[in-house]
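Participant: The structure is given below, and queries will be raised subsequently.
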């Protein structure tokens, strides 16, 4: 089930606050994959498209490489 995307329109810096912080011992890509993508209802492909990178490269980051 995908969330309503209109709920995630960023209008102010405060809208970008994420409740969870990444553990220091974990690669940031793992935090993005397991926390941010689900929180915003995004697939890897959709997130890569929105930030303007190719999916394969973004997947490498998410895999901790």
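The values are calculated or read from the model by the stated rules, or taken from the named source; none is laboratory data. This structure is a prediction, so every number in the text was calculated from the model and none was measured. Quick reminder, even Gly has a Cβ in these numbers, built from the backbone with ideal geometry, and neighbours come from all protein chains shown.
Participant: When you scan the chain for helices (runs of 4 or more DSSP H) that lie fully inside it, which ones turn up with 3 or more residues that are modelled with pLDDT of 65 or more, more than 13 Å from the chain's Cα centre (by Cα) and loosely packed, with under 15 Cβ neighbours inside 10 Å?
Facilitator: In the chain, 55-62 are the helices (runs of 4 or more DSSP H) which contain 3 or more residues that are modelled with pLDDT of 65 or more, more than 13 Å from the chain's Cα centre (by Cα) and loosely packed, with under 15 Cβ neighbours inside 10 Å.
Participant: Going through the stretch 45-64 one residue at a time, which ones are on the phi > 0 side of the Ramachandran plot and touching a helix residue (DSSP H, G or I) at 6+ places or on another chain (Cβ under 7 Å)? Lay out the reasoning, then the answer.
Facilitator: Keep residues of the stretch 45-64 that are on the phi > 0 side of the Ramachandran plot, which gives 52, 64.
Answer for the stretch 45-64, where residues must be on the phi > 0 side of the Ramachandran plot and touching a helix residue (DSSP H, G or I) at 6+ places or on another chain (Cβ under 7 Å): just 64.
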